[in-house]
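So the structure is just underneath, and the comments pick up after that.
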Amino acid sequence: MQKKTYFEGWYFKHQNLNSTVCIIPAIHKSRNGTASASIQVISDTVSEMIPFSEQEVKIYREPLSIIIGNCFFSKTGIDINIERKDFYAVGKILYQNSIPLKYDVMGPFRLIPFLQCNHGVISMRHQLNGFLHLNEKKYDFNGGIGYIEKDWGSSFPDSYVWTQCNDFDEENCSVMVSVADIPLGIRKFTGFICCIYYKEKEYRLATYCGGKVIQKDRSQIHIQQGTSTLLVELISETPKPLFAPVNGILSRTVQESIACTVRYRFSIGKQVVFDLTSNHAGYEFAEKEDGNANI
């Protein structure tokens, strides 16, 4: 009998004026029941995945507390201590004034059991205070901006595009969009979730709200819901390898640009709410390759 595969990962993003560092702690369980953990670190110069054993992991979900090796993650900050021969990551960053969503980003989809991949947004944006050393480089995140989300299930979708940004010049704006092919039994459909926080107001566009995908490809996302429209345009990318789960194991490599140039244009009717471009956006596009990913 096939044992249940599983992964759960948290995405902690840290940005200042010049740098971005994303740290992804995760747990995974394969078909044969083997459990393990990892921490991925991606920056403008680094892309590393550090493996850990099941015995080195403790997770408490309320309040969120993740301990992997000598590293600690929570909604209020992280404390990183990784010292290997070929990689060094040490530092402490505190989070303040977190902005959660008004309700679950999955909406009623959260009630569907056995989805291939579930998504959650823990904080759309928050303030950072602290430092992080990666190999020979020191990152000063005092006054920076952070973001936290999570995924869990068995595998990432075969085909998806994801983007997130909360760093725009002189604008208090945060955007997260995920469009994916979603299997439900023998059928599959393209669904999306989108959260926008702009000038202290939350906007929600999603398949479960009646929204539809007009276009989804490597360089553009176009979604519409009633009279609301969001157009996302990838202008330039800076891809780094990211390990993604297939049947619980990080065996798939996709490319993520953690700080690239993306334009976001949000309109309601004939009114343009904002038309903003950032050089510090995250963007990820993936398609199924033969032998690479399956449901």
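Please work out which residue is surrounded by the most Cβ atoms within 10 Å (Cβ to Cβ), limiting yourself to the range 224-248 and to residues that are under 13 Å from C194 (Cβ atoms) and touching a Phe, Trp or Tyr at 6+ places or on another chain (Cβ under 8 Å). Top of the filtered list is V232.
Looking across L242, L250, L234, one residue alone is within 18 Å of the chain's Cα centre (by Cα) and more than 25 Å from Q15 (Cα to Cα). It is L250. Could you list all residues from the range 146-167 that are of a type outside the set (S, T, N, Q), surrounded by 21 or more Cβ atoms within 10 Å (Cβ to Cβ) and over 13 Å from the mean Cα position of the chain (by Cα)? Of everything in the range 146-167, those that are of a type outside the set (S, T, N, Q), surrounded by 21 or more Cβ atoms within 10 Å (Cβ to Cβ) and over 13 Å from the mean Cα position of the chain (by Cα) turn out to be P157, D158, D167. Whenever a residue of the range 103-120 is of a type in the set (D, E, K, R), its partners that are surrounded by fewer than 16 Cβ atoms within 10 Å (Cβ to Cβ) and assigned to a loop (DSSP other than H, G, I, E, B), lying with C-beta atoms within less than 8 angstrom and at least six residues away or across chains, give the pairs R110/D104. Do we have any residue at all in the range 207-230 that's under 19 Å from the mean Cα position of the chain (by Cα) and within 25 Å of L128 (Cα to Cα)? Checking the range 207-230: not a single residue is under 19 Å from the mean Cα position of the chain (by Cα) and within 25 Å of L128 (Cα to Cα). Checking S43, S98, S47, S38 one by one, the residue that is under 24 Å from E136 (Cβ atoms), small (G, A, S) and touching a His at 6+ places or on another chain (Cβ under 8 Å) is S38 and no other.
Would the range 133-141 turn up any residue that is charged (D, E, K, R), closer than 19 Å to G282 by Cα and either modelled with pLDDT of 95 or more or part of a strand (DSSP E or B) (or both)? Step through it out loud before you land on a result.
The first filter runs over the range 133-141 and keeps only residues charged (D, E, K, R), leaving 136-138, 140.
So of that shortlist, the ones also closer than 19 Å to G282 by Cα come out as none.
Within the range 133-141, not a single residue is charged (D, E, K, R), closer than 19 Å to G282 by Cα and either modelled with pLDDT of 95 or more or part of a strand (DSSP E or B) (or both).
Is it the case that some residue within the range 68-91 is among the aliphatic types (A, V, I, L, M), in contact with a Gly (Cβ under 7 Å, 6 or more places away or on another chain), under 24 Å from C173 (Cα atoms) and touching a residue at least 12 places away in the same chain (Cβ under 8 Å)? No, the range 68-91 has no match at all. Please tell me if K58 is basic (K, R), more than 18 Å from the chain's Cα centre (by Cα) and at pLDDT below 95. No.
Step by step: first the residues of the range 37-55, then only those that are under 18 Å from the mean Cα position of the chain (by Cα) and among the hydrophobic types (A, V, I, L, M, F, W, C), then the one that is nearest to G248 (Cα to Cα). Which residue is that?
Going through the range 37-55, the residues under 18 Å from the mean Cα position of the chain (by Cα) turn out to be 37-44, 46-49.
Filter once more, so that each one left must be among the hydrophobic types (A, V, I, L, M, F, W, C): 37, 39, 41-42, 46, 49.
Working: A37: 11, I39: 15, V41: 19, I42: 21, V46: 24, M49: 16 Å.
Within the range 37-55, the match that is nearest to G248 (Cα to Cα) is A37.
Residues in the range 1-35 that are surrounded by fewer than 19 Cβ atoms within 10 Å (Cβ to Cβ) and part of a strand (DSSP E or B): Y6, A35. Annotation: F109 fulfils all but one of (1) out of contact with any strand residue (DSSP E or B) (no Cβ under 6 Å at 6 or more places or on another chain); (2) surrounded by fewer than 17 Cβ atoms within 10 Å (Cβ to Cβ); (3) not hydroxyl-bearing (S, T, Y); the unmet one is (2). Output yes when any residue across the range 169-192 is closer than 20 Å to D151 by Cβ, in a loop (DSSP other than H, G, I, E, B), of a type in the set (S, T, N, Q) and at pLDDT below 95, and no when none is. Within the range 169-192 (the criterion being closer than 20 Å to D151 by Cβ, in a loop (DSSP other than H, G, I, E, B), of a type in the set (S, T, N, Q) and at pLDDT below 95), the answer is no, since none of the residues qualifies.
Would it be correct to say that G69 is under 22 Å from C22 (Cβ atoms) and in contact with a helix residue (DSSP H, G or I) (Cβ under 6 Å, 6 or more places away or on another chain)?
Numbers: under 22 Å from C22 (Cβ atoms): yes; in contact with a helix residue (DSSP H, G or I) (Cβ under 6 Å, 6 or more places away or on another chain): yes.
So G69 fits the description; yes.
If you check I122, I93, which single one turns out to be more than 15 Å from Q15 (Cβ to Cβ) and within 20 Å of the chain's Cα centre (by Cα)? Let's see the steps before the verdict.
Details: I93 fails: more than 15 Å from Q15 (Cβ to Cβ).
Selected residue: I122, the only one of I122, I93 that is more than 15 Å from Q15 (Cβ to Cβ) and within 20 Å of the chain's Cα centre (by Cα).
Residue by residue, here is whether (1) under 30 Å from N135 (Cα atoms); (2) of a type in the set (A, V, I, L, M); (3) in contact with a Leu (Cβ under 6 Å, 6 or more places away or on another chain) holds:
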{"position": "F12", "(1), (2), (3)": "yes, no, no"}
{"position": "N16", "(1), (2), (3)": "yes, no, no"}
{"position": "T20", "(1), (2), (3)": "yes, no, no"}
{"position": "I27", "(1), (2), (3)": "yes, yes, no"}
{"position": "I39", "(1), (2), (3)": "yes, yes, no"}
{"position": "S74", "(1), (2), (3)": "yes, no, yes"}
{"position": "I82", "(1), (2), (3)": "yes, yes, no"}
{"position": "Q96", "(1), (2), (3)": "yes, no, no"}
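Please find, within the range 258-273, the residue that is surrounded by the most Cβ atoms within 10 Å (Cβ to Cβ) out of those that are closer than 27 Å to V46 by Cβ and among the β-branched types (V, I, T). Only one residue fits best here, namely V262. Among the residues that make up the range 205-223, is at least one of them out of contact with any Gly (no Cβ under 6 Å at 6 or more places or on another chain), surrounded by fewer than 14 Cβ atoms within 10 Å (Cβ to Cβ), in contact (Cβ under 8 Å) with a residue 24 or more places away in the chain and among the acidic types (D, E)? Yes, the range 205-223 has at least one match.
The values are calculated or read from the model by the stated rules, or taken from the named source; none is laboratory data. Values in this document were obtained by computation on a predicted structure and should not be read as measured data. Cβ atoms come from the backbone with ideal geometry, glycine included; neighbour counts cover every protein chain shown.
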